[in-house]
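First the structure, in the form of structure tokens, and then the observations on it.
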Amino acid sequence: MIDAGLAALPALPLPAGVRSHHVDGVNGLRMHVLEGGDARRPGVLLLHGFPELAYSWRRQIPVLAEAGFHVIAPDQRGYGRTHGGSADYDADLRPFGLFNLARDALGVVAALGHRELAAVVGHDFGAPVAAWCALLRPDVFRRVVLMSAPFGGPPPWPAASAAAPDIDAELAQLQPPRKHYQHHYGTRGANAEMWHCAQGVHQFLRAYYHMKSADWAPNRPFALQAWRGDQLAKMPEYYIMRRDKGMAETVAPQLPGLAQVAANPWLSDDELAVYAAEYRRTGFQGGLQWYRCSTHPPCVAELQMFAGRGIDVPAAFIAGASDWGVHQVPGALQRMQQSVCSQYRGTHLIAGAGHWVQQEQPAETNRLLLDFLAGP
């Protein structure tokens with residue numbers, strides 16, 4: 001059945017050749033998909049992160065399609081125009097666990113006629129989904145590109161790991177007291193403080209995207225020594241927040257001026273309006289559920305079943321040189337490069353890009369993707 005609310009939504013402002021439609025029966029979802037190219041060609045699946053949409057790949061879909069690929073970019077579970085399941089704070093979190101998100105990915109590509117794909121590409125929180133797709137089903141996902149979030153491998157067995165430090169307690173003892181953004185995103189009030197913030201969703205997203213981009217001059221990331229509060233606190237406040245502030249309040253002082261917005265080559269106000277309209281309609285809880293699963297015992301336990309396993313298909317990593325996401329989990333980049341990926345093809349840090357690498361520097365991102373897809 002077609003949801004009346006979704007059917008009434010305006011068409012998205014898409015590049016020529018990019019199709020927007022829904023795919024029914026995808027692991028309990030009616031999944032919204034942006035698609036480009038001939039469905040008979042090798043498939044490439046593009047998985048977005050938070051707070052984004054399939055629309056984040058608007059500068060990749062036509063280029064990959066022109067190069068001979070069938071490109072599939074869904075609004076993932078809990079996002080945008082994909083419909084189904086519950087994203088209420090008190091709902092069951094297990095549908096948002098990484099295994100089930102990988103099942104969503106497998107479902108949509110199967111529904112569109114593919115038994116295997118040339119590659120899966122994931123950005124931000126889409127990166128661990130892509131990593132688990134490649135780890136769990138290398139027969140289907142024949143290559144993997146991770147963007148902005150390195151994959152340090154499955155969590156270890158509890159008995160094999162030392163007691164983890166209480167990072168929240170360590171950050172709370174700092175002066176001023178701090179908190180990890182993922183801890184904040186797991187709280188009951190996180191959705192409301194962004195969705196109903198004083199500046200409105202459009203201006204919140206503008207400041208958030210700006211502060212995590214190469215346009216924000218203080219983004220000069222470096223490797224951290226350890227998973228300790230004093231080390232994590234070296235990151236900007238959009239990662240390690242003031243304990244008494246929400247995310248909307250944190251980023252509000254960094255809102256760029258009108259002239260800077262008008263000159264922005266990678267996210268025009270009309271493009272930003274697409275994101276704002278979707279999040280104004282849906283809120284943010286669907287995406288926030290993903291973060292909550294990272295500490296939800298049933299979701300963590302199923303990942304631990306694969307302790308010690310790695311990715312055995314060709315893999316590469318692309319990120320912005322100004323992206324703190326590369327370093328936010330100390331040691332993850334090194335593990336990915338040295339042990340997790342047995343066929344690692346390289347790390348590419350793109351100058352002039354922060355966290356939103358495929359939007360900030362699309363030409364170089366597209367070149368790297370095509371080179372990787374053509375490689376051994």
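Only the coordinates and a few stated rules stand behind these numbers; no lab work does. Predicted model only: the values in this text are computed from it and were never measured. All Cβ positions, even for glycine, are placed from backbone atoms using ideal geometry, and neighbour counts span all protein chains on display.
When the Gaussian network model of the chain links Cα atoms closer than 10 Å, the mean-square fluctuations of R103, R281, R94 top out at R281. Computed over neighbours whose Cβ is under 11 Å from that of A276, the net charge equals -1, Lys and Arg +1, Asp and Glu -1. Other residues within the sphere of radius under 13 Å centred on the Cβ of C341, judged by their own Cβ, net out at +3 (K and R +1, D and E -1).
Computed on the Cα atoms alone, the convex hull of the stretch 5-129 gives a volume of 103 cubic angstrom per residue. Residues H123, H348 in ascending order of nearby Cβ atoms (within 10 Å, fewest first): H348, H123. Summarised in one figure, the compactness ratio Rg/Rh of the stretch 160-288, Cα atoms and Kirkwood Rh, is 1.01.
GNM on the chain, alpha-carbon springs under 10 angstrom: the most fluctuating residue among Q203, Q361, Q231 is Q231.
Arranged from fewest to most other beta-carbon atoms within 10 Å of their beta carbon, K179, K212, K234 become K234, K179, K212. The length gained by stretching the chain between V300 and R281 to full extension, at 0.36 nm per residue less their Cα-Cα distance, is 3.8 nm. For the stretch 295-368, the fraction of C-alpha pairs farther apart than 18 angstrom is 52 percent. For A353, the residues whose amide H sits under 5 Å from its own are A321, S322, ignoring neighbours fewer than 5 places away on the same chain, with H placed 1.01 Å from N.
For the stretch 160-288, the relative contact order is 36 percent, taking Cα pairs closer than 8 Å that sit 6 or more residues apart in sequence and dividing their mean separation by the residue count. Residues S148, S213, S294 in ascending order of nearby Cβ atoms (within 10 Å, fewest first): S294, S213, S148. Unpaired Cys in the chain, meaning no second Cys C-beta under 4.7 Å: C133, C197, C341.
When the square roots of the Cα gyration tensor eigenvalues are ordered a ≥ b ≥ c, the ratio a/c for the chain is under 1.5, which makes its shape rounded.
For V201, the shell of other residues with beta-carbons less than 10 Å away shows a net charge of +2, using +1 for Lys and Arg and -1 for Asp and Glu. Each helix, a run of at least 4 DSSP H residues, gives -39500 (n - 2.57); summed and divided by the residues of the chain, these come to -9000 deg cm²/dmol at 222 nm. Among A263, A118, A73, the largest mean-square fluctuation in a Gaussian network model of the chain, built with springs joining Cα atoms closer than 10 Å, belongs to A263.
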